[in-house]
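The values are calculated or read from the model by the stated rules, or taken from the named source; none is laboratory data. What you are looking at is a predicted structure, and each value in this text was computed from that prediction instead of being measured. All Cβ positions, even for glycine, are placed from backbone atoms using ideal geometry, and neighbour counts span all protein chains on display.
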Amino acid sequence: MQPLTTRPWITSGIAVVGAGLIAVAPVAPHTPDLHMPDVQLTAFDPFGAWIDVFNTSSANAEAVADTFFVAPGAVLQQLLVNQVGYLGDIISNPGNIGDVFSTIGDHLQTLFTNTTLLNWDPDIADLEATRPIAQAGDIMHGLANLMLPLVMGGDMDPDTLAIVTEVMHFIASPVTGLLMGALGPVLSPLVEFGNSVGDIFASLGGEDPLSVLQELYDLPARVLGSIFNGSELSLDFLIPLIADAGVLPEGLEIESLSLGLGGLLSPGLSGLPVGGDIDQMAEDLINTGIGGSLWNSVGLVIPGVFELDANGVGPLGSLVAFSQIVAGAIGWEGGGNPLADLSYPIMPILDWFGGEG
């Protein structure tokens, strides 16, 4: 390298000049204080982003598959079990036909409530009554959904508060999870491309030149990975608009706001699967199910009130969770295949010869 080859000449020159200065005047020579800027170089990683994409995709696919194979085609299985059960009730006693239609009506009402959360009026003190929202989203989003109308409703009239509550319930429902699952893989690559470009520009002002090259190199992996695993869109630009609208009570401020978008394999997150132990969930505060909703995709931080992480859900995760919620609404107890409980109807034996009957 050039500095090493010229060092003897530079050293000899400095010695000659120094000796001349000392001979002319007995003063110490002055050398300038050279300042080199602090530059931190990190190792370039050509495979890290791709490995992360593979590992995350694998884990997400496993979560979706594990839930699906608990009861493949749970809705069709439960429908078959129900039809055979109804037939058996009618054969054993034709007078049961009224009860059969009543049961069907109850199932349809439960199906509508559990999938849309409309006309759902839970008793917060009753854990079992909160099962529909625990199946639709994670624990913290469920609690926030129940609390937010109360937080916002201090100055609202009862009718407006009722409308706000219904809207909050609907956006937390599994139906909106299907919508988010359909939009996620389409929007995630665009959002992640924007996030990557933003990170590149942010790296330009840093002290590590290699970080810019790393961000550029990782861009394709991040965009491709978002198709499978989703991305997160910052909505902080909406915070001033929300503050000016006066939606939140005085003294409460939103610190951050975002929207989680799922990818093809994103499982989402929910408090518990169909048939899960809700008492255990409340005790451990651990989410054990998949799925999601529009509300579950929102990341929101209100200091001193709650902090919610955005949990995006993909099409597969939302469909698997939704189908099991439907099966649970029409009679499935969860935990295994509904057909395992199938019992065929038996024709009652009529004693035509004067025996007991």
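Structure summary
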quantity	calculated
Residue count, region 222-276 (criterion: touching a residue at least 60 places away in the same chain (Cβ under 8 Å) and at positive phi)	3
Unique match (being touching a residue at least 24 places away in the same chain (Cβ under 8 Å) and over 24 Å from Glu62 (Cα atoms)) among Ile325, Ile302	Ile302
Residue in region 115-129 that is among the aromatic types (Phe, Trp, Tyr) and in a helix (DSSP H, G or I) present	no
Residue satisfying all of: in region 69-79; touching a residue at least 40 places away in the same chain (Cβ under 8 Å) and either assigned to a helix (DSSP H, G or I) or not small (Gly, Ala, Ser) (or both); surrounded by the most Cβ atoms within 10 Å (Cβ to Cβ) among these	Gln78
Residue list for region 42-65, filter: assigned to a loop (DSSP other than H, G, I, E, B) and either surrounded by 14 or more Cβ atoms within 10 Å (Cβ to Cβ) or charged (D, E, K, R) (or both)	Asp45
Among (1) assigned to a loop (DSSP other than H, G, I, E, B); (2) at pLDDT 95 or above, the one test that Glu250 misses	(2)
Any hit, region 149-164, residues being at pLDDT 90 or above, in a helix (DSSP H, G or I) and of a type in the set (S, T, N, Q)	no
Contacts under 6 angstrom Cβ, first residue in region 80-102 being in contact (Cβ under 8 Å) with a residue 12 or more places away in the chain and part of a helix (DSSP H, G or I), partner among the charged types (D, E, K, R) and surrounded by 15 or more Cβ atoms within 10 Å (Cβ to Cβ), 6 or more apart	Val100/Asp89
Sole residue being buried (at least 16 other Cβ atoms within 10 Å of the Cβ) and of a type outside the set (Val, Ile, Thr), chosen from Leu127, Leu111, Leu87, Leu118	Leu111
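Here is a yes/no grid of residues against (1) under 19 Å from Gly262 (Cα atoms); (2) surrounded by 20 or more Cβ atoms within 10 Å (Cβ to Cβ):
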| residue | (1), (2) |
| --- | --- |
| Asp138 | yes, yes |
| Leu146 | no, no |
| Leu161 | no, no |
| Leu179 | yes, no |
| Glu192 | yes, yes |
| Asp199 | no, no |
| Gly206 | no, no |
| Asp218 | no, yes |
| Leu235 | yes, no |
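The rows are residues; the columns are (1) more than 24 Å from Leu308 (Cβ to Cβ); (2) outside any helix (DSSP H, G or I); (3) under 15 Å from the mean Cα position of the chain (by Cα).
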position	(1), (2), (3)
Met140	no, no, yes
Met147	no, no, no
Gly177	no, no, yes
Met180	no, no, yes
Val197	yes, no, no
Phe201	yes, no, no
Ala221	yes, no, no
